[in-house]
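These notes concern the structure reproduced below.
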């Protein structure tokens, strides 16, 4: 069965290019399009796609509010933001609102397809497109000292979950989550949740690896 995708972008040419690319893939199918925020909400409600490729600069509503509305309306929806904005503060806001990932429009077709498949597998994926901003060798990874469980906790912190929500999702006690946070802060040399999130957002490879 093909993955059903809706494209939301106010530039018809952009939608046409994406549609042409995606419909060449045996496992992907574009089933709908939208050109503004209100239309996006209506189309998603009607078609109930598996994935939404969403531009952040469409008219008709605040992009972050639109993401929240879409997730509230269709909790199973995966949203991959495709934007021209290489902005890390905006990245954090989109993830906190419920988006599964973000890529800039300048990425190669192969990178976009990879991002789509990572998101569809339930992972988070971020690529800001600038090679200079990517975390390249593992030895330079600021998160290399974290355990698998600590990375899981950090990912949920980045997405805006509370300690209690993380504990519930991972099946552990709140004290355990607090302990993980304390150990991460010690390992990374930071003193607040905000600093933890900032380091994770900087380390694009953390998201691209799908941890």
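With volume of the Cα convex hull per residue in Å³ defined as stated, name the option among (i) 130; (ii) 120; (iii) 194 computed from the structure displayed.
Among (i) 130; (ii) 120; (iii) 194, the one calculated here is (ii).
Nearest 10 degrees, 0 to 90: what angle lies between the long axis of helix 88-97 and the longest principal axis of the chain (Cα atoms)?
So the inclination is approximately 80 degrees.
One quarter of the convex hull surface, Cα atoms only: what value does that give for region 47-109 in nm²?
Taking a quarter of the hull surface, the average projection is 4.5 nm².
Could you state the angle between the C-alpha long axis of helix 148-158 and the longest principal axis of the C-alpha atoms of the chain, as a value from 0 to 90 degrees rounded to the nearest 10?
Result, in degrees: 60.
Based only on other Cβ atoms within 10 Å, what is the fewest-to-most ordering of 87, 9, 62?
Going from least to most buried by this count: 62, 87, 9.
Angle, helix 63-73 long axis vs. longest principal axis of the chain, Cα atoms, 0 to 90°, nearest 10?
Roughly 90 degrees, rounded to the nearest 10.
Relative contact order for the chain: what percent, with Cα pairs under 8 Å and sequence separation of 6 or more?
16
Per-residue ellipticity at 222 nm for the chain, helices alone: DSSP H runs ≥ 4 residues times -39500 (n - 2.57), over residue total, nearest 500 deg cm²/dmol?
So the helix-based figure for the chain works out to -14500 deg cm²/dmol.
All of the numbers you see were taken from the coordinates with simple rules; none came from a lab. These numbers were taken from a predicted model, which means no experiment stands behind them. Glycine gets a Cβ as well: all are built from the backbone with ideal geometry, and neighbour counts include every protein chain shown.
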